[in-house]
Amino acid sequence: MNGTLAVILAVILGAYMTSRWFRHREIMAMVERGIAPARYYRERRSNSLRSGLILTAVGLALTLAMWPIGFRAGSDFPLGCGPWMLAGLVPLFVGLAMIIAYFLTGEYRRRQDEEEEWEEGEE
């Protein structure tokens with residue numbers, strides 16, 4: 001069991017390191033061609049709304065999928081809810097927190113301003 005866990009962790013770490021290496025190579029190529037990578041990073045950071053929506057949807061789907069387990073198990077938990085629901089409730093509420101943070105920080109307004117500036121610069 002420990003060997004399997006070590007292999008899984010090594011694969012995950014290797015995939016992460018590989019993606020970071022490719023991102024570094026991409027940015028270096030952008031710099032060599034005279035492209036400013038700052039706009040690229042702003043666009044990547046502003047995807048918190050999309051990430052929040054995806055995480056919320058996954059959490060909701062997992063919550064709904066785990067809910068019948070409580071009825072089948074015949075547990076004493078109310079409404080069939082139990083600790084197995086955490087697999088769906090945690091990503092659901094993390095996603096909701098990301099969506100709320102997106103609007104509370106005013107990120108959507110900054111993104112609109114940047115898009116307006118970009119359109120003015122093209123004209």
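Can you tell me which condition Gly74 does not meet? The list is (1) at pLDDT below 85; (2) surrounded by 10 or more Cβ atoms within 10 Å (Cβ to Cβ), and all the others hold.
(2)
Can you find even one residue in the range 87-107 that is at pLDDT 70 or above and at positive phi?
Residues of the range 87-107 that are at pLDDT 70 or above, as a first pass: 87-106.
With at positive phi added as a condition, the list becomes 106.
Within the range 87-107, one or more residues are at pLDDT 70 or above and at positive phi.
The values are calculated or read from the model by the stated rules, or taken from the named source; none is laboratory data. All values derive from a computational prediction rather than experimental measurement. Neighbour counts run over all protein chains shown; Cβ positions are idealised from the backbone, glycine included.
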